[in-house]
């Protein structure tokens, strides 16, 4: 239901106040009775509110379905409703039986190869990942002091939202946005909307081959958990090669607690299993992975959002 309502843009139509379901149906091109039944069900869970008979308004939960909300998750919900994603989740049994990604079983290619051939879906995916990461990124910028870094390289940085947040706080910093060419090609619109465009260099490339050199700070935000251990070691070694001697690598990802301690990352891990060959990792698993790449975990910084910052330097495993 949420994916359909997000696709229709119902919450955006309520920005100026309550509307009848008939008005909403007319504006969104939907069937008024079917829309009423869905909104009634969602309102019973606090997503929208029926302020009078067949008339609805926003709630704090519905606010996340707005395009312009700082807490927007609209594109996440839209993405989850697309057949190529929905079918992969429906085939999770394949992952359980084989250990391989259900996405590849259903679609015949990897997630990122699929997206590279479909610009419209790639754009939606990038926006959805931005929706999901934005609150974590805000928490990361609030929790970690980036001010000592002069040249920050965001590896797999998508459209550059994290870089922009960091540059807001660090007027002397310059940054490099590094991602696949088809990803950074669509970043320019956002970058031009910031006041930092002159301080951001955009580089397209493949982090399995190399990453930009001579940064004294590197960031991997929600990248490592998309990769298998073998893939992650390749990327980490490339970063290790590119780092200056005193550089730090900051990894923003869920760090899972051991055992049955509740953590949202344990469910994100299942998403990674279905869609990619990646996984979310415990602190010990991360230490071992870094050690294979000649890197050392020196600190972790817990965030208010369900991720942490792992602070990493060159050197052997701790």
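The values are calculated or read from the model by the stated rules, or taken from the named source; none is laboratory data. Given the structure is predicted, the values throughout are model-derived calculations rather than measurements. Positions of Cβ are generated from backbone atoms using ideal geometry, with glycine treated the same way; all protein chains shown enter the neighbour counts.
State all residues of the range 232-261 that are more than 21 Å from the chain's Cα centre (by Cα) and outside any helix (DSSP H, G or I); if no residue qualifies, say none.
243, 244, 245, 246, 247, 248, 258, 259, 260, 261 - these are the residues of the range 232-261 that are more than 21 Å from the chain's Cα centre (by Cα) and outside any helix (DSSP H, G or I).
From the list 191, 220, pick out the single residue that is touching a strand residue (DSSP E or B) at 6+ places or on another chain (Cβ under 8 Å), in a helix (DSSP H, G or I), under 18 Å from residue 152 (Cα atoms) and assigned by TED's automatic domain parsing to the domain that holds residue 162. Walk me through it before giving the result.
Working: 220 fails: in a helix (DSSP H, G or I).
So the residue among 191, 220 that is touching a strand residue (DSSP E or B) at 6+ places or on another chain (Cβ under 8 Å), in a helix (DSSP H, G or I), under 18 Å from residue 152 (Cα atoms) and assigned by TED's automatic domain parsing to the domain that holds residue 162 is 191.
Taking residue 65 as the residue in question, decide whether it is touching a residue at least 60 places away in the same chain (Cβ under 8 Å), in contact with a helix residue (DSSP H, G or I) (Cβ under 8 Å, 6 or more places away or on another chain), farther than 30 Å from residue 228 by Cα and surrounded by 19 or more Cβ atoms within 10 Å (Cβ to Cβ). First the steps, then the outcome.
Values: touching a residue at least 60 places away in the same chain (Cβ under 8 Å): yes; in contact with a helix residue (DSSP H, G or I) (Cβ under 8 Å, 6 or more places away or on another chain): yes; farther than 30 Å from residue 228 by Cα: yes; surrounded by 19 or more Cβ atoms within 10 Å (Cβ to Cβ): yes.
Criteria met by residue 65.
(1) part of a helix (DSSP H, G or I); (2) surrounded by fewer than 19 Cβ atoms within 10 Å (Cβ to Cβ); (3) out of contact with any strand residue (DSSP E or B) (no Cβ under 8 Å at 6 or more places or on another chain): which one isn't true of residue 27, the others all being true?
(3)
Which residue, of 114, 144, is farther than 24 Å from residue 254 by Cα and either touching a strand residue (DSSP E or B) at 6+ places or on another chain (Cβ under 7 Å) or modelled with pLDDT of 90 or more (or both)?
114
Suppose we filter 104, 120 for residues that are surrounded by fewer than 16 Cβ atoms within 10 Å (Cβ to Cβ), out of contact with any strand residue (DSSP E or B) (no Cβ under 6 Å at 6 or more places or on another chain) and either free of Cβ contacts under 8 Å to residues at least 40 places away in the same chain or part of a helix (DSSP H, G or I) (or both); which single one remains?
Of the residues listed, the single one that is surrounded by fewer than 16 Cβ atoms within 10 Å (Cβ to Cβ), out of contact with any strand residue (DSSP E or B) (no Cβ under 6 Å at 6 or more places or on another chain) and either free of Cβ contacts under 8 Å to residues at least 40 places away in the same chain or part of a helix (DSSP H, G or I) (or both) is 120.
Answer yes or no as to whether residue 176 is assigned to a helix (DSSP H, G or I), under 30 Å from residue 198 (Cβ atoms) and assigned by TED's automatic domain parsing to the domain that holds residue 220.
It is false that residue 176 is assigned to a helix (DSSP H, G or I), under 30 Å from residue 198 (Cβ atoms) and assigned by TED's automatic domain parsing to the domain that holds residue 220.
Which of the residues belonging to the range 290-314 are outside any loop (DSSP other than H, G, I, E, B) and buried (at least 21 other Cβ atoms within 10 Å of the Cβ)? Show your work before the answer.
Narrowing the range 290-314 to residues outside any loop (DSSP other than H, G, I, E, B): 290-292, 295-302, 308-314.
Correct list: 290, 295, 297, 308, 309, 310, 312.
Checking residue 173 against (1) touching a strand residue (DSSP E or B) at 6+ places or on another chain (Cβ under 7 Å); (2) under 28 Å from residue 113 (Cα atoms): exactly one of these is not met. Which one?
Among (1) touching a strand residue (DSSP E or B) at 6+ places or on another chain (Cβ under 7 Å); (2) under 28 Å from residue 113 (Cα atoms), the lone unmet condition for residue 173 is (2).
How many residues does the range 262-289 contain that are assigned to a loop (DSSP other than H, G, I, E, B), out of contact with any helix residue (DSSP H, G or I) (no Cβ under 6 Å at 6 or more places or on another chain) and touching a residue at least 24 places away in the same chain (Cβ under 8 Å)? Full working, then the answer.
We begin by selecting, within the range 262-289, every residue assigned to a loop (DSSP other than H, G, I, E, B); these are 262-264, 276-280.
Then drop every residue that is not out of contact with any helix residue (DSSP H, G or I) (no Cβ under 6 Å at 6 or more places or on another chain), which leaves 262-264, 277.
Still in the running and touching a residue at least 24 places away in the same chain (Cβ under 8 Å): 263-264, 277.
The qualifying residues number 3.
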